[in-house]
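Peer 1: Questions regarding the structure given below will be posed in turn.
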Amino acid sequence: MKSGSNLEKILKAGHFAFTGEVGPPRGANVQALREKVAHLKGKVDMANITDNQTAMVRMSSWAAAMICMQEGVEPNFQMVCRDRNRLAMQADILGAFAHGIRNILCLSGDHQQFGDHPQSKGVFDIDSMQLIGMVKKMRDEGKFLGGADIDIPPRMFIGAAANPFAEPFEWRVHRLAKKVAAGADFIQTQCVFNMEKIREWMRRANDMGLTEKVAILPGITPMKSIGMAKYMKNKVPGMDVPENIIKRLQGVDPKMVADEGIKIACEQIQEFKEMKGVAGVHLMAIEWEHKVPEIAERAGVLPRPEV
């Protein structure tokens with residue numbers, strides 16, 4: 001399968017992938033979005049464009065992805081199952097592909113009760129597993145989910161998410177296997193802080209042969225403050241922040257906490273470079289895009305390869 005995706009070419013060539021993330025604006029502020037994306041140009045192989053993240057209204061993912069492309073950064077068009085039925089999803093996939101978007105990340109989406117429109121109706125017509133399968137059917141079989149033929153199929157490089165830290169832990173690698181079976185080409189994980197647990201999850205994924213079928217990119221989020229670390233530990237579902245991370249941040253000069261957060265992130269990236277089955281990392285520095293060049297430099301992932 002050739003999709004024209006830069007990320008796909010990076011992975012096929014055997015390079016260690018480095019992807020980023022951009023949250024679209026809470027309005028039509030194109031200039032603010034262009035400035036965010038500018039920090040990522042030449043530093044990442046692809047940038048995720050989130051889709052109404054945390055169930056808050058933002059500029060649509062495909063529209064922001066097109067602006068991202070204009071700025072010279074390949075986008076990863078995120079699609080959540082919360083807001084659209086299968087008709088709207090297939091229409092948006094065709095539209096995105098027609099405008100040159102070549103990557104898609106298939107997600108369930110944060111429940112609307114957590115966002116700023118808690119009374120909104122959650123659609124969830126299909127789930128993330130079915131969405132992966134639908135994009136694969138459209139791409140590989142040239143068929144809509146209803147069975148009709150597609151004149152020019154959308155050749156998307158298909159991504160999915162994985163959370164190695166949710167309970168029960170034993171089930172997590174089997175859920176990954178289901179997403180691979182459904183058609184995922186690459187996996188981006190939830191933010192990783194518990195390295196011991198991700199080592200075990202990767203060991204199981206390797207043992208099951210999954211890493212030979214899918215590219216796994218663990219998620220990296222640099223901690224900006226002790227408050228952020230405590231919030232992620234105590235308030236964010238499915239997040240696993242070990243006490244040793246909190247203690248390490250508390251042990252430095254308050255002015256140096258953000259720098260220590262970046263140091264921890266770079267140490268993680270170094271370990272992932274050596275970890276069997278890891279194809280790259282996904283850096284989620286949301287609202288900290290201006291730090292991406294420094295993080296990429298310190299993590300030793302520059303220059304990015306031309307493919």
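The values are calculated or read from the model by the stated rules, or taken from the named source; none is laboratory data. Every value quoted in this text rests on a predicted model; they were computed, and no experiment measured them. Every residue, glycine among them, receives a Cβ derived from its backbone with ideal geometry; neighbour counts consider all protein chains shown.
Peer 1: Note down all Cβ pairs under 8 Å where the first residue falls in region 139-153 and is at positive phi, the second is in a strand (DSSP E or B), and they're at least six residues apart or on different chains.
Peer 2: GLY142/ASP149
Let's see how each residue does on (1) in contact with a His (Cβ under 6 Å, 6 or more places away or on another chain); (2) charged (D, E, K, R); (3) farther than 24 Å from VAL278 by Cβ:
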site	(1), (2), (3)
ILE132	no, no, no
LYS137	no, yes, yes
GLY146	no, no, yes
PHE157	no, no, no
ALA162	no, no, no
LYS178	no, yes, no
ALA181	no, no, no
ALA184	no, no, no
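Peer 1: Of all residues in region 188-199 being surrounded by 15 or more Cβ atoms within 10 Å (Cβ to Cβ) and in contact (Cβ under 8 Å) with a residue 60 or more places away in the chain, which is nearest to LEU7 (Cα to Cα)?
Peer 2: GLN188
Peer 1: Right, next: Can you confirm whether GLY109 is touching a residue at least 60 places away in the same chain (Cβ under 8 Å), surrounded by 16 or more Cβ atoms within 10 Å (Cβ to Cβ) and small (Gly, Ala, Ser)?
Peer 2: In short, no.
Peer 1: Identify, from the list MET223, MET239, MET232, the residue that is part of a loop (DSSP other than H, G, I, E, B), modelled with pLDDT under 95 and surrounded by 15 or more Cβ atoms within 10 Å (Cβ to Cβ).
Peer 2: MET239
Peer 1: Another one. Please specify each residue of region 189-199 satisfying the condition of being in contact with a Pro (Cβ under 8 Å, 6 or more places away or on another chain), of a type outside the set (D, E, K, R) and not in a loop (DSSP other than H, G, I, E, B).
Peer 2: THR189, GLN190, ILE198
Peer 1: Could you tell me whether any residue of region 139-155 is surrounded by 17 or more Cβ atoms within 10 Å (Cβ to Cβ), more than 17 Å from the chain's Cα centre (by Cα) and not in a loop (DSSP other than H, G, I, E, B)?
Peer 2: yes
Peer 1: Let me ask something else. Quickly run through region 282-307 and pick out the residues that are charged (D, E, K, R), closer than 23 Å to GLY14 by Cα and modelled with pLDDT of 95 or more.
Peer 2: GLU297, ARG298, ARG304
Peer 1: Also, I was wondering about something else. Do we find that GLY183 is touching a Ser or Thr at 6+ places or on another chain (Cβ under 6 Å) and either farther than 22 Å from ILE295 by Cα or of a type outside the set (Asp, Glu) (or both) in this structure?
Peer 2: No.
Peer 1: Kindly indicate whether MET202 is at pLDDT 95 or above, assigned to a helix (DSSP H, G or I), surrounded by 17 or more Cβ atoms within 10 Å (Cβ to Cβ) and more than 18 Å from the chain's Cα centre (by Cα).
Peer 2: no
Peer 1: Do we have ILE286 as closer than 22 Å to THR19 by Cβ, among the hydrophobic types (A, V, I, L, M, F, W, C) and surrounded by fewer than 17 Cβ atoms within 10 Å (Cβ to Cβ) here?
Peer 2: yes
Peer 1: From the list CYS106, CYS68, which residue is modelled with pLDDT of 95 or more, assigned to a strand (DSSP E or B) and either under 21 Å from the mean Cα position of the chain (by Cα) or not basic (Lys, Arg) (or both)?
Peer 2: Every option except CYS106 fails the conditions.
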